[in-house]
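Each remark here refers to the structure printed beneath this line.
The values are calculated or read from the model by the stated rules, or taken from the named source; none is laboratory data. In this text, all values refer to a predicted model and were calculated from it rather than measured experimentally. All Cβ positions, glycine included, derive from the backbone under ideal geometry; neighbour counts span all protein chains shown.
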Amino acid sequence: MKNKGKQKQTDQRNYTLLLILLLLLSYAAVMLYKSQNEPKPAADAGSSESVTQPAAAETAPQTTPAPLQTAPLPVPDREIYLTFDDGPCENTPQVLDILDQYGAKATFFTVGAFVDRYPDYAAEIVKRGNLIACHSYTHDFQKCYASADAFMSEIDQWKRAVTQACGSVPERLCVRFPGGSTTKHAASVADAIKGRLSDADYRWFDWDAGDNDKWPKGNTAGLPAEEYYWQSYEKCMGWFKNDPDKPVVFLFHDTEIGTVHILADVLQDLQQRGYAFKMLDAHPDWN
Ligand SMILES: [Zn+2]
């Protein structure tokens, strides 16, 4: 009886141990299963996007993107004089920002009436170290070219507007004829005006090249505006390719948004071509 009882106790203990072992095994199996099937924590916790990312993206090694490789800039050995006509206007601050990004200074042939309308932009042109220059008060051919007196009176009105906006006018005034000195509108008075400008010790400049932003008539292929401006720019610069000593006065209009859109590319391209950006008061013809 005693042995039988002992045997029964042993059986019960073995049964209990087996039960515990089975429970432990079941627990281990459940834990193993869970660890293999739980979603892994995403790199950016809380974002569900990483779950839907392709496997390749998740396993790709984390690398810092290499900086964009740009060709080293040549030492400038030629000069370009960027000029912006007909402003100031809403685009002018953007033009100034782009020029600043490339360390470029330019000459702004401003219209006095727009200086009155946007005095802060006119002041900003000067504040950022650019040259403010005169492009009449009205830009109205009939008024400007009514007589040499009328032209000089437009200049005086421009000086009043710029003094009001900027505090002063440049020591020596730089003038550009609206439409250029050879425009048919000025034909009868151009020589008289040139004489008066010379008497007043003012300087005047036309241009050697431009991006045609004011003359869409040349766009016979019907290209999108910016593409046409870029082609015109490249074509002009081709004229000076083999003439490194020729200083280039380039005409843009800050009133044309397409010019603003291509400006950064233009400045980058000019740097690659070895041009230094200068203002007209540094031009060989200034003195
Ligand atoms: Zn103009």
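Once segment 63-95 is narrowed to residues that are modelled with pLDDT of 95 or more and in a loop (DSSP other than H, G, I, E, B), the residue that is farthest from the ligand (Cβ to nearest atom) is E90.
N130 meets all of the listed conditions (1) among the polar types (S, T, N, Q); (2) more than 16 Å from D85 (Cα to Cα); (3) away from the ligand (no atom under 16 Å from the Cβ) but one, namely (2).
Going by what's in this entry, would A113 be described as in contact with a Cys (Cβ under 8 Å, 6 or more places away or on another chain) and not in a loop (DSSP other than H, G, I, E, B)? So A113 fails the test.
Checking every residue in segment 261-270 against the condition of being more than 16 Å from the ligand (Cβ to nearest atom), β-branched (V, I, T) and closer than 19 Å to T92 by Cα gives at least one match. The number of residues in segment 166-194 that are of a type in the set (G, A, S), away from the ligand (no atom under 16 Å from the Cβ) and touching a Phe, Trp or Tyr at 6+ places or on another chain (Cβ under 8 Å) comes to 1.
Scanning segment 195-208 for residues that are over 35 Å from the mean Cα position of the chain (by Cα), surrounded by 15 or more Cβ atoms within 10 Å (Cβ to Cβ) and either within 14 Å of the ligand (Cβ to nearest atom) or aliphatic (A, V, I, L, M) (or both) returns a single hit, L197.
Among the residues of segment 116-149, those identified as part of a helix (DSSP H, G or I) and under 20 Å from the mean Cα position of the chain (by Cα) are Y121, A122, E124, I125, V126, K127. Test S153 against the criterion of being within 16 Å of the ligand (Cβ to nearest atom), of a type outside the set (D, E, K, R) and modelled with pLDDT of 95 or more, and give yes or no. When the stated conditions are applied, S153 does not pass them.
Per the conditions (1) at pLDDT below 95; (2) within 16 Å of the ligand (Cβ to nearest atom), the sole criterion not satisfied by P244 is (2).
The set of residues from segment 96-117 being buried (at least 20 other Cβ atoms within 10 Å of the Cβ) and away from the ligand (no atom under 16 Å from the Cβ) comprises L96, L99, A104.
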